[in-house]
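One structure is given here, and the rest of the page talks about it.
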Amino acid sequence: MMLENNYLKIEYLPHLGGKISSIYDKQKKLEFLFQNPNKSYKKPTIGDDFSTFDASGFDDTFPSIDEGEVTINDQKILYPDHGEIWTASFEEKIDKGVIKLKYNSKILPYTFQKNLLLKNNSLKIRYKITNTGKFSFPCFYTFHCLIDSKEGVKLITDKHSKNVTMLFSNSRFNKGDIISYPITNKNIDLSNPSSLYKGEFEKFYFIEKVKKGKIGYNYTKNNTKLLIYYNEKKLPYLGFWNTQGGFRSDYNFALEMSNGYYDSIEIAKQNDACPTLKPNEFFEFDIEFKIEHYV
């Protein structure tokens, strides 16, 4: 399925979790998202291993990232790898140019709604996650938007975010390392994804909550910025994933904002950073992509 105007071409897949598979700048002829390395998409089912599928484009992860067993209302429920949404088939409606996607969970009592609106040089997405049940459950949303790795791309982040903690790395850092950002004490520029060598991968989180909901990517060789706006109070945590051939031979990276810190329900609870969605309560937020060209 496609949305298109004079500025952008957007491709999305309602039957694959509402995945946005392409954000294409028509004027610069520039694809931002990491593309499916396979010839076609396989349809996953709940509980499948995310890494054995395409792992491309922009997926929503909810109710967590890491797989884990959670006790809710005296019942044990397995939260799937990378959440449930990427495996979902969404209902789709179009209303006055707005794409309206909706999914009813198969594992928990919630609905996940996602509305897409393309206007000029921006794509605005409105989310609403509603607890339709009679009991509360722990959950958090994480933005999982894989960017195609290109030379000359620099990260755009909150200038107040000055320290990160390393979750994992197969090369230059150790798990749990506290590292200055963007320039480390090893004189490595973490805002440059290409600073990783071929065959390396890593993931870190900023220690401080973000103070401004604006992140993005500066394509210095294309004089173009892909900016992403959101409410920092609703998604206060920010992580970064980067693989330069180290994971499945893929070359991509992703700034990942979230309202949980981080990845698993268990760890988020330990960090006192695991939200709970109460009966009849909803979590609503917007994410906006905007393209800017400069001289």
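Coordinate-derived values only; no laboratory data. Remember, it's a predicted structure, so these values are computed and weren't measured experimentally. Using ideal geometry, Cβ is built from the backbone for each residue, glycine included, and neighbour counts are taken over all protein chains shown.
Summary table
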item	result
Global geometry of the stretch 76-192, whether rounded, prolate or oblate, following the gyration tensor of its Cα atoms and the 1.5 cut on a/c	oblate
Exposure proxy ranking, count of Cβ atoms within 10 Å, fewest first, for Tyr41, Tyr197, Tyr217	Tyr197, Tyr41, Tyr217
Part-to-part distance (alpha-carbon centres) for the stretch 108-152 and the stretch 228-288, which is given in Å	10 Å
Distance-filtered residues of the stretch 139-172 - backbone nitrogen under 16 Å, label point 7 angstrom along Arg248 Cα→Cβ	144-149
The stretch 162-295: C-alpha gyration tensor shape, a/c 1.5 cut-off, then a/b vs b/c	oblate
Rough spin-label spacing in nm, given labels placed 7 Å along Cα→Cβ, for Glu151 and Tyr294	2.2 nm
Extension gain, Lys162 back to Asp177 (0.36 nm per residue minus Cα-Cα distance, nm)	4.0 nm
Computed Rg/Rh of the stretch 61-137, alpha carbon atoms with Kirkwood Rh	1.05
Assigned charges on the beta-carbon of Lys, Arg, Asp, Glu; the stretch 2-293 dipole about Cα centre (debye)	960 debye
Pair-distance profile P(r), taking every C-alpha pair of the chain, with 10 angstrom steps and integer %	6, 28, 37, 23, 5, 0
Extension gain from Thr111 to Asn222, taking 0.36 nm per residue of separation minus the Cα-Cα distance	36.0 nm
Cα gyration tensor, the stretch 1-102 - rounded (a/c under 1.5), prolate or oblate	prolate
Extended-chain gain in nm, criterion 0.36 nm per residue less alpha-carbon gap, Tyr197 and Lys76	39.4 nm
Label-point separation, Val98 to Gln27 (7 Å along Cα→Cβ), nm	2.7 nm
